[in-house]
Structures are given as structure tokens and as C-alpha cells.
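The values are calculated or read from the model by the stated rules, or taken from the named source; none is laboratory data. Just so it is clear, the model here is predicted, and its values are computed rather than measured. Cβ atoms come from the backbone with ideal geometry, glycine included; neighbour counts cover every protein chain shown. Surface areas here come from the heavy atoms of the whole protein model, side chains and all, with no ligands, DNA or RNA. Shrake-Rupley method; radii C 1.70, N 1.55, O 1.52, S 1.80 Å.
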Amino acid sequence: AEQEAARLKAEQEAARAKAEAEAARLKAEQEAAARAKAEAEERARQEAEAARVRAAQEAERIRAEQEAGSQQVSAGSTFQINLEVLNVGAAVGGTSSVQAEADAREKQEAEQRAAEEKSRAAAEEQSRHLAAEKARLKAEQEAVKLHAEEEARQQEEEQALASEQANEWAEAEQRAQVQAKLEAEQVSRQAALSQAKAAQMPASKARRQPLPFGKIIFGTLLLVLVAVVALPYVWPMKDYIAPLEQYLSQQLKQPVHIGGMSAASLPPKIQLQNVTLGNAQEVKINSVVAQFDPLSLFSANKSLSNVEFQGVVLDGMHLEQTASWLKGVGSDAQYPVKHMDIQGLQVNAEGLALPPLRGSAELSQGAFTRIVLHSEDDKLNVELSPAAHGRWQVSFGIKERALPLLPDVVFSDFTANGDIGDGEVNFTGIDAHAYGGILSGSGKLSWRKGWQVQARIQAKTMELEKLFPQYGLGGEVFADGLLSAQAVKLRQLGDLPRVEGSFSAKKGTINGLDMVETARLASHEHLPGGRTYFDDLTGAIVLENHDKHFRQIKVASGMLNATGSFDVTTGNQLSGSFNAEIKMRAGNNPLVLSGTLTEPKLQAR
């Protein structure tokens, strides 16, 4: 063993020396690569500096040539001016030398033009030469830059390769050390075993080894655990469907059908597929997963920690019955439920488009304590909690949506609180925001003898421009009214509503007609493009069979006091009359209103 250990130590020393030599070689290569990179960068810098100096010299030479050309042009101009002065003096002296002077002047002008042409050509040639030199210098700089980048890239690749080789050598050294250590330990164990066998007495050979009870117990528990986990997947579950259907039917007092069933051990749970509830399958559920509390499996009452419903479809006409059926789910003392999760809940409400909902339900001692549902975008939410005498407290809210019965009114937010039961919902408090104003009130929805709705709504500071953008109205309106409707089916409830109420508008305008000018001019023709300003506009409205009747209309401003009434019939047709009094025209001025809401017409009677 000592010899083997000495041999392993010698091998380790040799491997360490080899690794150190390799590391030194790699370090030398890296330093050489760094020096080569520095030399390449210095060489590229020197070449760029030389190119810059050459470019500066060439630019100075071209500038000097351009200045020389300019001086020549200036000298030619001076010569021309002197020549003209001499010519003028000669002309004063007499007329005999006029022809000679003219010839001399023409010659001088020709020489001057030739000099200018030559100077211009020289300047153009210098400009072209300068542009070509700049392009050549730029190309040289680009080539130097590309060469430096290529050398830097090659040096980086060489450094990466050297680093990778160093890592491989280090890993090889580490593996050799581990292998040597393992071999040394194996040699030590073999030597110790040989010494133990040599010192063992012959009588010990006949001694029997004790049984490994710990291994036996662990193996038995492992087999039991494997059997528990795998048994639900291989055990036939079809035989349990019929008894479970009968049990649930008795518990819910409605026929229950189960399409399939499966189970799992960890965690303990049962999954039911394609479950229906009711004689007409009022409730359809794609999947029901019931999870058991593991600690309750050994007691008489098996507690369900959670029941998850996925893909639930409810009939909107039997929501109240469905709620009473679901009470039986948690009322079983032998299988109490603590929590429910609901995913993909769809309510079929006779053609009304309702978004899918999801939520949860909390139970305590077999009774529901709270049910919360909301849409995927959280713009619709419903919360239910049990109340006295079998009723439920309900809270309903929407955001940036329209109510199913009022598809043309988009609420910024709408909240209604009340209670549900005995075929009706009483909303004791309604709060909403729409069109820049505030709405409040109360209402009642009943379905015992057909569908009926009654509500009282008060509106404050609603903006007419947002409420009726197509009719050219402006100002803030306050309203108080009663809404009622009835129908055989829910989707028909909003077809024929009846509204009775009063309204008051402050500081606004009516575009499309001008009461003041029409009354002042007593015009029997409509004045297009008019506008009526008012400080107060009050009246009463009755909406029935889609016809709107406006009564007791009063319009008041600094220039106008008018009273009247009008009707809006099918196709938004207008018909009505007003009596107007203006300061500019004493007496009563009868006016007739006609046309449509989008194109009203007003004229004197």
C-alpha cells in the first residue's frame, strides 16, 4: 500500500508539473498574442496618422493653388479697370485714336476672358483632384481599419482557443487527481481487508450473520407505496360510477349522470367527466375534480379540501333551482367540502351574450358562505352570500360595458346591490357613472310570471354632447324617471320599455335651429345653420312603444322665453309647436317644429 501510494503521489506530482508547464505555455502564448495585438493597433494608428498628415498637406496645397488662381483673377480685373480709365482719357483728348483704342480694348477683354477661363478650369481641376484624393484617403483608412479588426478577431480566437485548451488540461488534471485518490482508497481498503482476514479466528467463520430487518421493512414499505400509487391507474373504475350516480342523485334530489371516472393517490383525488344534473340537463360540467384531505382518509368523515369545476354550462331559466341544488353538494356530513373552484362558467340566458366567468366558493359546516365570479377581463363581477329565509345577497358590477338589457348605454362603471330569491331580484342600491354624469336608484327584476323589470333612476350632470352626439345638443342634464318593461322571454325585455320622467338642462345649446331669429323675423322658412342658446331647459318625457313625447317644455335665456311640446315618432320624425317671446319683438310668436332629430326645421306659423 505504501509503494502504491508513493507511485500515485509521483504520478500526481508529474501531472501537476505537466499542468504547470502547460499553464506557463498558455500564459506565454496569451502574452505574445497581447503584444501582437498592441503592435497591430500601434501600426494601424501610425498608418492612420500618416494618412491624416498626407490629407492635410494635400488640402493645404489645393488651398494655395486656389488662392493663386484668385489673385490672378483679381489682377486681371485691376488691369481691366486701368485700361478703361486710359481709354476714357484718350477719348477726351480727341477722336483720332478712337479706333485704335477700341481695338486695344477688345484685345485686352479677350485676353482677360481667356485668363478667367483658364483660372476657372484650373479651379475645377483642383476640386476634382481634391475629391479624388479624399476618396483615396478614405478607402485607405477603411482598409487599415478592416485589417486591424481582422487581426484583433484572429487574436481573440487564438486567446479563446488557448483558454479552452487550458480548461481542458485543468479538467484532465482534476480527473487524474480524483482517479488517483479513488485508486489509493481502494488499495487501502484492500490492505485493511487482507489484514482483517488474516487476524480473524477460524471459529468466526461458522458465525451466522444477523437478518437485515431494516432493509426488509424499508422494502416492504416501498412495495406498499408503489402499490398505492399505481393501483388507481390499473384498477377498473367503471363499477363505481353507478353507485356514485345514485348517491349524488339522492344527495342533490335530482338525477345525476357521469360519463367517466378516474382516481389518483398522490394527492388523493377523484375526477369525473361529462357530468349532467337535472331532468333536462339544466347543468352540464365537463370535468369535476374532488381532492381529499389526506389526514381525513383514516376517519369516518372524508373531508374534501377542494372541488374544481371546469367547463360549466347553466340554463339561465333555472338559476335559482341550480343554486338550491348546489347547496346539497356541501351539506353531506360524511364528505364535507371546504372550497370550490369554478372555471369556464357559461350562462345561457335566452340569447343574451354573457362572457365566460370564473371564480370560487367558500363553504363552512356544509353551507356556502361566499361565491365570487368574474369575467376573464375583470369587467364583469358577481358576488353572492347567503341571507335569511333562503335568499341570497347579491352584488353585481360592470366596467366599460353595456348592460344586456340596455345595449346602447355604455357605463364607465355600474354597481347594483340587493338580494335574490323567490323568483325575483331586488336591487336596493344602484350606483353608476356614464357620459360624464352620476346615476343612482333602485330596481326590481322578476321572472315568476314572465319577465318584468321596474326601476327608478336619477341622473346628475350628464353631458348632452356625450349622451346624444348625433343631435347637436350641449349642456348638463339632470333627470329623474321611472323605467318599466315586461316580456315573455328575457331577451325581449328591452324591446318595449316604458319611461316616465322629468329633466332639466343648464347652460347649453340646440344646434340646427334658431328660435330667436325665427321669431324676430317671423320667417315662414327654416333658417339653416342656426343655434339656440339657453340658460334653463326643463320638461317631461314619456317613452312608450318606441315613441317619445316631450311635454311642458320651457326654454329660458337672456333673450328668449319659450314653451311648447313635441313628439318623436318612427324614423326620428319631429312634430310640435312652441310659443316664443323675445325682447326684440313684443308679443307671442307661434313657431312650428318639423323635420328629424338630425335635421330639425323651425318656422313661424
| task | Starting from the Cα gyration tensor of region 517-579, take the square roots of the eigenvalues, sort them a ≥ b ≥ c, and report rounded, prolate or oblate (rounded when a/c is under 1.5, otherwise prolate if a/b is larger than b/c, else oblate). | result | oblate
| For region 129-161 and region 532-605, what is the separation of their C-alpha centers, rounded to whole Å? | 85
| Theoretical FRET efficiency, 1/(1+(r/R0)^6), r = Cβ-Cβ of R448 and D547, R0 22 Å, to 0.05 | 0.15
| Cα-based reach from K37 at 21 Å (exclusive), listing lysines while leaving out same-chain residues under 8 positions away | K27, K145
| Residue pairs, from the table K379/K507; K460/K583; K338/K379, whose Cα atoms sit over 30 Å apart | K379/K507; K460/K583
| task | Grab the beta carbon distance between D341 and K466, set R0 = 60 Å, and tell me the FRET efficiency rounded to 0.05. | result | 0.90
| field | Y240/Q365 FRET efficiency (R0 25 Å; Cβ-Cβ; nearest 0.05) | value | 0.35
| note | Expressed in nanometres to one decimal, the distance between label points 7 Å along Cα→Cβ at F478 and E142 is 7.8
| note | Residue separation between I62 and E149 times 0.36 nm, minus their alpha-carbon distance, gives in nm 28.0 nm
| Area of M584 that stays accessible when all protein chains are in place (1.4 Å probe, Å², to 10) | 130
| Which whole-number percentage describes the relative contact order of region 524-605, with Cα contacts under 8 Å and a sequence gap of 6 or more? | 24
| message | Quick check: with the 1.4 Å probe, what order do H524, H129, H389 take by accessible area, largest first? | response | H389, H524, H129
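With the full set of protein chains in place, find how many percent of the accessible area of region 465-509 is carbon and sulfur; take the probe as 1.4 Å. Spell out each step's value before the answer.
Numbers: 1500 of 2610 Å².
Answer for region 465-509 is 57 percent, counting heavy atoms of protein chains only.
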| field | Percent carbon-and-sulfur accessible area, region 531-598, ignoring ligands, DNA and RNA, probe 1.4 Å | value | 51
| query | Where Lys and Arg each count +1 and Asp and Glu each count -1, what net charge lies around Y435 among other residues with Cβ under 12 Å from its Cβ? | reply | -2
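With every protein chain left in place, what is the accessible area per residue of region 337-473 in square angstrom, probe 1.4 Å?
In whole numbers, region 337-473 has 53 Å² accessible per residue.
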| For F566, solvent-accessible area (1.4 Å; no DNA, RNA or ligand), Å² | 40
| Under a plain spin-label model, where a point goes 7 Å from the Cα along Cα-to-Cβ, how far apart in nm are E106 and T428? | 12.1
